[in-house]
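Single-structure report; data block below.
The values are calculated or read from the model by the stated rules, or taken from the named source; none is laboratory data. The structure displayed is predicted, hence computed values, not measured ones. So basically every Cβ, Gly included, is an ideal-geometry build from the backbone, and we count neighbours across all protein chains shown.
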Amino acid sequence: MSGPCALEIVQLSHSYGPRRALDRVSFTVEAGEIFGLLGPNGGGKTTLFKILSTLIPLTEGSARIFSRDIASEMHAVRELIGVVFQAPSLDKKLRVKENLVHQGHLYGLSGTDLENRIEQALQQLGLSDRSQDLVEKLSGGLQRRVEIAKALLHRPKLLLLDEPSTGLDPGARKDLWETLMRLRKEGTTVVLTTHLMEEAEKCGRLAILDHGSVVALDTPDALRNRIGGELVMIRSRDPVELSRAIHEKFGVESHVVDDTVRFEHAKGHEWISQLLSAFASKVDTVTVGKPTLEDVFIQLTGHRFWISGDLKP
């Protein structure tokens with residue numbers, strides 16, 4: 001991948017007292033990417049988002065946005081980024097355009113310039129015919145688009161979105177992603193946090209975070225290909241004993257997660273008959289399938305995606 005670096009993070013760490021929320025995180029995002037930060041609650045996504053959006057100070061390591069240092073050039077960084085928080089930031093008693101006008105004033109915009117930018121943002125987000133609607137009358141998906149229009153008003157080079165699909169129905173999520181893809185084509189770089197596998201699949205690249213560390217970073221396809229073959233999952237009343245027995249008889253290494261024995265096999269669907277023949281009494285159910293991003297997470301961390309505790313302060 002070539003081109004200017006939109007975001008460069010080097011050995012970034014952050015602690016809340018004795019609690020380590022981020023631990024030596026490093027990665028880069030190229031201009032024009034849609035880059036995802038995937039992880040469970042407590043993985044470190046929210047803390048990293050707050051640092052990148054300048055809500056909390058950077059204390060260890062470094063981060064640069066289009067060559068501007070977050071710690072020493074905070075004002076310049078804020079001009080380069082647009083931020084959409086997970087919690088709604090719209091005034092629902094105001095009209096769509098009124099929300100944008102007030103946002104523009106925060107950035108020192110006024111007059112014809114502000115009017116032109118509002119018109120452009122409304123067109124970009126497909127909201128031109130909704131400018132006079134009260135925000136409280138809009139659907140969740142449309143409100144999300146207004147949030148993004150606000151974030152784009154000062155023409156940022158990097159758009160940061162925290163859990164952008166939260167609270168949206170499937171149709172609204174589809175519309176949101178069509179918008180993000182269009183913005184990318186128009187030159188906006190997007191970095192988003194998510195805990196939704198479906199959303200992560202749409203990103204060009206992903207950094208998977210767990211307990212404050214990056215455990216993997218690649219395209220969704222490349223991450224799944226790390227597992228290779230087929231994933232065999234066996235539910236058992238004694239999964240630890242079954243895992244041991246499978247290893248002794250077949251030499252297969254497996255992971256036990258909750259009540260399930262998990263392992264990869266080049267031809268898992270063909271091998272099941274041998275497994276059942278040997279251990280029918282120990283097996284409750286068997287599932288064979290192609291690996292998912294959650295399977296990648298389990299393989300890398302040894303636990304399910306949702307098991308981490310919430311480390312947010």
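Odds and ends about this structure:
- Any hit, region 28-38, residues being more than 23 Å from LEU180 (Cβ to Cβ) and of a type outside the set (Val, Ile, Thr): no
- All strands (runs of 3 or more DSSP E) inside region 1-100 with 3 or more residues being under 25 Å from GLU198 (Cα atoms) and among the β-branched types (Val, Ile, Thr): 19-30
- ASP133 vs. criteria acidic (Asp, Glu), under 21 Å from SER89 (Cβ atoms) and exposed (fewer than 13 other Cβ atoms within 10 Å of the Cβ): no
Residues checked against (1) over 28 Å from GLU30 (Cα atoms); (2) of a type in the set (Phe, Trp, Tyr):
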| residue | (1), (2) |
| --- | --- |
| PHE85 | no, yes |
| LYS92 | yes, no |
| GLU98 | yes, no |
| LEU109 | yes, no |
| LEU122 | no, no |
| SER131 | yes, no |
| GLU136 | yes, no |
| VAL146 | no, no |
| LYS150 | no, no |
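- Given (1) at pLDDT 95 or above; (2) of a type outside the set (S, T, N, Q); (3) surrounded by fewer than 16 Cβ atoms within 10 Å (Cβ to Cβ), number of the condition PRO18 does not satisfy: (1)
- Test: residue in region 214-233 that is over 22 Å from GLU198 (Cα atoms) and outside the structural domain of GLN11 (by TED's automatic domain parsing): no
- Filter pass, LEU159 being under 27 Å from GLY42 (Cα atoms), out of contact with any Lys or Arg (no Cβ under 6 Å at 6 or more places or on another chain) and part of a helix (DSSP H, G or I): no
- Residues of region 142-181 satisfying the condition of being surrounded by fewer than 19 Cβ atoms within 10 Å (Cβ to Cβ) and of a type in the set (Gly, Ala, Ser): GLY167, GLY171, ALA172
- Screening GLY104, GLY126 for residues that are of a type in the set (Gly, Ala, Ser), over 23 Å from LEU7 (Cβ atoms) and not in a helix (DSSP H, G or I) leaves exactly one candidate, GLY126.
- Residue ID - surrounded by the fewest Cβ atoms within 10 Å (Cβ to Cβ), chosen from residues in region 264-291 that are at pLDDT 85 or above and either of a type in the set (D, E, K, R) or over 22 Å from GLU241 (Cα atoms) (or both): ASP284
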